[in-house]
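Before any comments, here is the structure.
The values are calculated or read from the model by the stated rules, or taken from the named source; none is laboratory data. Remember, it's a predicted structure, so these values are computed and weren't measured experimentally. Don't worry about glycine lacking a Cβ; one is built from the backbone with ideal geometry, like all the others, and counts go over all protein chains shown. Quick note on the areas: whole protein, heavy atoms, side chains included, nothing else; ligands and nucleic acids left out. Shrake-Rupley method; radii C 1.70, N 1.55, O 1.52, S 1.80 Å.
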Amino acid sequence: AQKVTQAQTEISVVEKEDVTLDCVYETRDTTYYLFWYKQPPSGELVFLIRRNSFDEQNEISGRYSWNFQKSTSSFNFTITASQVVDSAVYFCALSEGNNNDMRFGAGTRLTVKP
Amino acid sequence: DAGVTQSPTHLIKTRGQHVTLRCSPISGHKSVSWYQQVLGQGPQFIFQYYEKEERGRGNFPDRFSARQFPNYSSELNVNALLLGDSALYLCASSLADRGPSPLHFGNGTRLTVT
């Protein structure tokens, strides 16, 4: 069965600090997809990134970077030089190749203080 | 282009009543999924429809039902409401019915059952 664990319930940092959000997943499938979503106070889940199980290349997009390691079943998300606008709840999610549902972690609430 | 739209945005119902939530997907998206997000938790999969057919069902009682119309919009129905049904109900659309296609979420309908 698929499972996503985000052990950090809440993180608080001061603006310009770097912060890493952890995500550990479980799956028996060899084909799967990992996602990160951001949920600001407005409630809408905003898609940030998708990774498939065959591509372990790390990715950088501006201040955001993602570290995918199959050996540890982790897909961590780092925000460099955090800003107040980064304050939100961040969800890691897993979709197995033959399943129709996306399994979400419990989320990490990030607060960036000025 | 318009994103996923959901209506209503807020709803207050009494135990035992019935509710219908509506969703319009992004133009061109044929897959619609419904998720329930209880406060402080990640979204949980309820249903997925693709080309008007049910493609997946999560672990929810039969009081929950859904359908998809020829224009790919969708309704989620919940009968005999319980206090525990109070949650944010999220609709998401995607291009494909499974796998790598990321979900694009609406702002949700916040349902309060009293």
Using all alpha carbons of the range B:40-114, what is the percent of pairwise distances in each 10 Å bin, ordered from the shortest bin to the longest? 16, 53, 27, 4
Total Å² of accessible surface buried at the A-B contact, 1.4 Å probe, nearest 100? 1600
With the cut-off at 22 Å, tell me which of the pairs A:Lys38/A:Lys113; A:Lys3/B:Lys13; A:Lys3/A:Lys70 have Cα atoms farther apart than that. A:Lys3/B:Lys13
Rank these residues by their accessible area, most exposed first, probe 1.4 Å: B:Leu83, B:Leu39, A:Leu48. B:Leu39, B:Leu83, A:Leu48
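Under 8 Å for C-alpha pairs, at least 6 residues apart: give me the relative contact order for chain B, rounded to a whole percent.
Numbers: 298 pairs, mean separation 42.1, N = 114.
Relative contact order comes out at 37 percent.
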For the range A:1-70, with equal point scatterers placed on the C-alpha atoms only and solvent neglected, what are the log10 I(q)/I(0) values from the Debye formula at q = 0.23 1/Å, to two decimals? -1.34
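Which FRET efficiency value, to the nearest 0.05, do you get for B:Phe60 and A:Thr111 by plugging their Cβ-Cβ distance into 1/(1 + (r/R0)^6) with R0 = 30 Å?
It comes to 0.40.
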Distance cut-off 15 Å, percentage of C-alpha pairs in the range A:47-90 lying past it: 45
Treat each spin label as a single point 7 Å out from the Cα along the C-beta direction, and report the B:Glu53 to A:Thr78 distance in nm. 4.5
The range B:70-114: which residues show an accessible-area loss of 20 Å² or more, assembly versus chain alone, 1.4 Å probe? B:Arg98, B:Gly99, B:Pro100, B:Pro102, B:Leu103, B:Phe105, B:Asn107
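Expressed as a rounded percentage, what relative contact order does chain A have, with Cα pairs under 8 Å and six or more residues apart? Each step should come with its number before you reach the end.
Values: 281 pairs, mean separation 43.8, N = 114.
Result for chain A is 38 percent.
Just the C-alpha atoms of the protein assembly as shown: what Rg/Rh do they give, with Rh taken as the Kirkwood radius?
0.97
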